[in-house]
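Written below as structure tokens is the structure these notes are about.
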Amino acid sequence: NHPDYLAMQKRRVKAAAEAGVKALTWIDYITPYFGGRWGYAGADIDAYRRALTEKDGGLDIVVAGKKKNISFWDYYGDYTGFRPSPEDAGFESWDLFTPPAEPERVFEMGDRERLRHSLFLTLCHYGWLKLLNDTGNYYASLNGGRLWLIPNPEDVYDGADYIYSCRLAGVGGILCEYFGNPGFLDAAYHSGPYLRRNSDESAALEGPVLETNAGGHGLPYYDPWVSYITAWDLYAALQANVTKNDFLEGDSIEPMLDPANSYEYARFADMAVKQYAFEDCLDRKPVRPETKTAVIGGRNINRLRPSLFHSLDGREGSPAAVLHSLGYAFDLLDESEFAPWDDYSVMFMGVWDMNRKAGQRLAEWVKKGNTLVLSGTQPYAAADGVHFSPFVAEDNFRVDDMSLGSRFGIGPFKTQAPGSGTVTVSRGAFRETIPAGSRLFAVPDTVMSVEGDILLEIDGIPLVTQRSLGKGRVIYVGYKAGEPANADLNRQVFDALARELGTEQRCITDGASCHVYGIGDGMAAALWNSDRLEKYEFIYDSNRSQQLTIDSPSSCSAQVFVPDGEYLVYYVHADKTEKARGKSVRLSTPDTCELCYILPDTPESEEFIDAIRRSPLRTVAEGRSKIALPED
């Protein structure tokens, strides 16, 4: 926010422009606030006040290929649907705004202090966007250059915003950073299409940076085979059209090519296999199949919640993790105006609250003939600019709709305690897997039932009901879905529910996480051992030995659904080929992960497999011999 800092960045891009450079990359440019925000300076407060009074020039973003100027309040409103007055926050005017003195005390704050905290968090993210905006626009004015960004993962305590960053007119590419436990691939697999859609609309390139180790230093997080499959899966999930590797260490390339130099070679091999993965994806063009089902997830721009780009966390009632474990197809979206809800016919609510504007939009979406699935107390409230818990309005603080249930035809709730969990009513697809007279695998402590057409009833208590809204319907699941304590119940109920809704099931897994892609006339699947990843303890420390190896103490498998036919199945790491026929193919691996190609049983597929075998990937990944540089 300091004007001298902006002036310094403008000097940098001017020097780049004068040297003929048209793409300047900013790496980890966002300050991470470990342990909370440490404070703010006078320049910050001046910038906040200019933004709040709309005197800072706003942001130039690209929407549907056209430049559009937006203010801070447009940005804030997209995430909250709420524009408070200065009086709501305890000020006579926004010219007097100051953030709360101790933002970390959020749960001890009063309503006005919480609102100031919410504004402060959003202003921090907006401030980083403003720096990128002003620097990028200046760069473009000099020689048409555009900034390239490598942001840290989205977090309430940093300043990253993937969606708005890639939409800035002065940004030419965004390289989102991923590191640590490869479990992040589950979220990337489902959120990748949403991120790519935003970058395509603004003509920005998009892809990942897969960090080698903390800060880029030290032995790689993964051994070469895990790095290759992680990178391949991530590039395919994000539909990456660009990537960037970490740096190499050393004075010359020769020592890095010799496996005898274990440290240098490990870093070189990590970089090389990631590059092979990117080139393989560009060549083979894996595509995650389209779906008409979505889960509305959260992002942590100005509230304490996981980001859908890195997590399938179910703490806010999201069924994303259970739907993924059952192999059902869905995309992850948020409630931003840029989320393409109209491309979907079924959506599951995956957050506890929703802002008033988005709630209105969602109700209209249902009325068009679509299906919305709610669970627990979703949505308990319209977001009011505070976002931390429901509260009673005091001191004339404006709160919109403490309950959104009526907007979707849901309510009032009736709380009841079930008994044995005996199914007393089962209709539609529920009859196939949870017939009347059977018992649930697990029984919730409390059922919050509502009136409606009963799809599933236990002990005489409605557990899953549906009601019409316009031409569409709202299905309500009467317990808190997504919570770990309800894992067995979630699998049983949401399996039947997905069948009822006609959601495509791509695979059935056993101890695995499976990501399925289309590839030409065939398919590809990245298979991950769930138990292995759950037990992999990751700590962000470059001095810690924590390499995730391809070896695993347990095996995993998946049954992947395919068009009826005869197939060649090639396991890249195991370097083995199997034949299969029918409408499904069973994949299994004793390792941490495996990349499998499922191809028509033709000579062309055999040539495809032979080409993979001839590539230098295996030589580099397994460190069999010293690598020779090309003579030219």
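Is it the case that Ser420 is over 21 Å from Val351 (Cβ atoms) and outside any strand (DSSP E or B)?
Judged against the criteria, Ser420 is a match.
Scanning region 352-400 for residues that are hydroxyl-bearing (Ser, Thr, Tyr) and modelled with pLDDT under 75, which turns out farthest from Asp88 (Cα to Cα)?
Among residues in region 352-400 that are hydroxyl-bearing (Ser, Thr, Tyr) and modelled with pLDDT under 75, the one farthest from Asp88 (Cα to Cα) is Thr377.
When Pro616 is evaluated against the numbered criteria (1) surrounded by 12 or more Cβ atoms within 10 Å (Cβ to Cβ); (2) in contact with a helix residue (DSSP H, G or I) (Cβ under 8 Å, 6 or more places away or on another chain), which criterion, by number, is the only one it fails?
(1)
Being within 29 Å of Val560 (Cα to Cα) and modelled with pLDDT under 95, is that true of even one residue in region 442-461?
So far as region 442-461 goes, yes, one or more of its residues are within 29 Å of Val560 (Cα to Cα) and modelled with pLDDT under 95.
Being over 30 Å from the mean Cα position of the chain (by Cα) and buried (at least 20 other Cβ atoms within 10 Å of the Cβ): is that true of Asp56 here?
Yes; evaluated as a whole, the condition is true for this residue.
Show me the strands (runs of 3 or more DSSP E) entirely contained within region 440-481 in which 1 or more residues are of a type in the set (Asp, Glu) and either surrounded by 23 or more Cβ atoms within 10 Å (Cβ to Cβ) or in the same structural domain as Ala363 (by TED's automatic domain parsing) (or both).
Because the criterion is at least 1 residues that are of a type in the set (Asp, Glu) and either surrounded by 23 or more Cβ atoms within 10 Å (Cβ to Cβ) or in the same structural domain as Ala363 (by TED's automatic domain parsing) (or both), the strands (runs of 3 or more DSSP E) in region 440-481 that meet it are 453-458.
Inside region 299-311, can you point out the residues that are touching a Leu at 6+ places or on another chain (Cβ under 8 Å) and either modelled with pLDDT of 85 or more or more than 13 Å from Trp352 (Cα to Cα) (or both)?
Arg299, Ile301, Asn302, Leu308, Phe309
Could you list all residues from region 265-302 that are of a type outside the set (Ser, Thr, Tyr), in a loop (DSSP other than H, G, I, E, B) and touching a strand residue (DSSP E or B) at 6+ places or on another chain (Cβ under 8 Å)?
Answer for region 265-302, where residues must be of a type outside the set (Ser, Thr, Tyr), in a loop (DSSP other than H, G, I, E, B) and touching a strand residue (DSSP E or B) at 6+ places or on another chain (Cβ under 8 Å): Lys285, Pro286, Arg288, Pro289, Lys292, Gly297.
Yes/no per residue for (1) touching a Ser or Thr at 6+ places or on another chain (Cβ under 8 Å); (2) over 15 Å from Leu617 (Cβ atoms); (3) surrounded by 23 or more Cβ atoms within 10 Å (Cβ to Cβ):
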residue	(1), (2), (3)
Gly250	no, yes, no
Pro255	no, yes, no
Ala260	no, yes, no
Val273	yes, no, yes
Asp283	no, no, no
Arg288	no, yes, no
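Scan region 75-126 residue by residue and report those that are within 20 Å of Gly159 (Cβ to Cβ), buried (at least 20 other Cβ atoms within 10 Å of the Cβ), under 23 Å from the mean Cα position of the chain (by Cα) and not hydroxyl-bearing (Ser, Thr, Tyr).
Listed by number, the residues that qualify are Asp78, Leu121, Leu123, Cys124, His125.
Going through region 561-596 one residue at a time, which ones are farther than 22 Å from Leu548 by Cβ and touching a Ser or Thr at 6+ places or on another chain (Cβ under 8 Å)?
Phe561, Val562, Leu568, Val569, Tyr570, Arg586
Among Gly77, Gly36, which is the only one that is small (Gly, Ala, Ser), at pLDDT below 95 and closer than 18 Å to Tyr162 by Cα?
Going through Gly77, Gly36 in turn, just one is small (Gly, Ala, Ser), at pLDDT below 95 and closer than 18 Å to Tyr162 by Cα: Gly77.
Go through Gly359, Gly327, Gly317 for me and flag whichever is buried (at least 22 other Cβ atoms within 10 Å of the Cβ), more than 19 Å from Leu195 (Cβ to Cβ) and assigned by TED's automatic domain parsing to the domain that holds Glu483.
Exactly one residue qualifies, and that residue is Gly359.
The values are calculated or read from the model by the stated rules, or taken from the named source; none is laboratory data. Only a predicted model underlies this, so the values are computations on that prediction, with no experimental measurement involved. Cβ atoms come from the backbone with ideal geometry, glycine included; neighbour counts cover every protein chain shown.
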